[in-house]
Amino acid sequence: MRRIAKASAALIAVVILILGSSYVVWARGGLYSSTRHGDPTSGVRRDSALPRGDCGHCHSMHGAGGTTTDFALWTADNNQLCFTCHFGQSSNAIYRGSSVYEQSIHEDDSLMRWPGPEPPARMEPDAKGKCVNCHTPHGWGDSKGLMPTLLFKREEELCLGCHKVAGSAQEKIDTQMNYQYTHQMTNSQLEGRHHASEEIIPDSFSGQNRHNECADCHNSHVHTRDLHTQGSNRAGGVLRGSSFIEANYGSLPDTFPTFQPRGQIFDIQFEYQLCFKCHSYWAYGSFPPFAPSGGQQTDPSIEFNPNNVSSHNVIQAPNLNGIGVFVNGWRWDFQMVCTDCHGSSNANDPKGPHGSQLPFLVKARWDVTSGQRTQNTSSHLCFLCHDFTTYAQRNDNRNTGFSRNNFGENLHGLHANEDNPVANRPIGCMDCHSKVPHGINRRALLVTSSDPARLLGGTVLLKQSDVPNWGPSGNWDEGDCTVVCH
């Protein structure tokens, strides 16, 4: 009987090698027993009559009921074979089971098939959405050893197998990943820092462990096609299944929240919960790292504190009460997400903060010239939402908070025709408003010369003593701003 068993195993190996040699060479090279499938103590065990990790759990000399199947499998070569064991949720919930995967974009998209060249492209008619587009059940290796989680490429290289080939994926993002400012997904110095349990460990995102891989934002077994809806701060389906940080604020402004890490078992609700995983006190403590764009990063979890007097409404509920003039479908009562401002500087690129040619990974320029009358800045960041003619042109008296005579005269427009008396140049947005326009504990994101340097981008016109009276919206007066200008 032992000789028969050995002969059977040998025959199975020969058949597999003949039918699928390009996919099983590493199984013959000794890696299989080191994989999660092949481990003799913890490996696969579909058939209780066979030892763990035995090839016979997937392969058989004869198919069920005497039928024949590709690769000498015991049943048809499709995802149902994998789902025999992988029908339920994994312990870390990165994989939520077959029913969830079948609703994901990677199972549902007709373009979801491995394009090659290594391993070779999958050409079978039913290749769409197969698990083996990303995973090899026998293990795959390179010069660094065994690939993790039965993948045949490491980290972003697996994703870019499809997402850099024109026509093979709906979203071609490799170009963005090579822009000047990115999340450094392709930085080889960061390889290997990502691990499945890191969402509950702040140190995973700080110091020498700071990194960003595709899997830090996307769960390839769960996420769906839909993006977020304009005017909402809720996360889109492309972020579904990712780990995130829940922020709980008290009643004080200008303070960071308490944080509750949430793994993939929970569904993310708001986009900022994902961003806070790296961009908050939770990740980097009291010493934010320096950004490739220059200078030390700020803490958005403090800036977006909903108790602050003003902010862009990533967390805070809208409170403008009808004030403001907007473009591109924006309204005063909308909320927003981080990626409404942060993303590719090329509007034709796929959505998301994968890369930009502009500092701080923003979609459009935001610098000291923004809003100056002598510069053509109508395409700058502010004016993707705020109407350029209202805020940076002299002849427009529409409704803004910075008006007088009961909104009868638009003071934004008036000041657009004036010069900064200190810098001897036209006034720009940053001369009055925060360089980091997330949020501060002062109305209208206004800054004074006594504020931290990180908030000051222009030649600031206001000193703390210059504003004896914060004028009510629609009824500002020259007496509300003194010394520097008036």
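We did not get these values from a lab; they are worked out from the coordinates using the rules stated. The shown structure was predicted, so the numbers you read here are calculated from the model rather than taken from an experiment. We place every Cβ from the backbone using ideal geometry, glycine too, and count neighbours over all the protein chains shown.
The charge dipole of the chain, taken about the Cα centre with unit charges on the Cβ atoms of Lys, Arg (+1) and Asp, Glu (-1), comes to about 1160 debye, rounded to the nearest 20. Applying Stokes-Einstein at 10 °C and 1.306 mPa s to the Kirkwood radius of the stretch 364-486, computed over alpha-carbon pairs, gives a translational diffusion coefficient of 109 µm² s⁻¹. Measuring nothing but alpha carbons in the chain and taking Rh as the Kirkwood radius, the Rg to Rh ratio lands at 1.10.
When only alpha carbons are used to place a centre, the stretch 32-61 and the stretch 284-359 end up 50 Å from one another. Would you be so kind as to identify which of 412, 459, 399 lies farthest towards the positive end of the dipole of the stretch 386-482, taking Lys and Arg as +1 and Asp and Glu as -1 on Cβ and the Cα centre as origin? In the stretch 386-482, that residue is 459.
Would you mind putting 333-346, 136-149 in packing order, based on average other-beta-carbon counts within 10 Å, highest first?
Values: 333-346: 19.6, 136-149: 15.9.
The densest-packed peptide leads the list: 333-346, 136-149.
For the chain, the residue among 182, 320, 136 whose Cα projects farthest onto the positive side of the dipole built from Cβ charges is 136. Highest average first, the peptides 455-461, 324-330 ordered by how many other beta carbon atoms sit within 10 Å of their residues are 455-461, 324-330.
What ranking do 358-367, 121-130 get when scored by the average of other Cβ atoms within 10 Å per residue, highest first? Kindly include the intermediate steps, with their values, before the conclusion.
On the way: 358-367: 19.4, 121-130: 14.1.
Output ranking for 358-367, 121-130: 358-367, 121-130.
When the charge dipole of the chain is built from unit charges on Cβ atoms (+1 for Lys and Arg, -1 for Asp and Glu) and taken about the Cα centre, the candidate among 424, 305, 265 whose Cα reaches farthest toward its positive end is 265.
Axis angle, to the nearest 10 degrees, between helix 2-28 and the longest C-alpha principal axis of the chain: 40 degrees.
For the stretch 148-285, give the magnitude of the charge dipole about the Cα centre (Cβ charges: +1 Lys/Arg, -1 Asp/Glu; no others), in debye to the nearest 20.
Values: 11 positive and 16 negative charges, 41 e Å.
For the stretch 148-285, the charge dipole is close to 200 debye.
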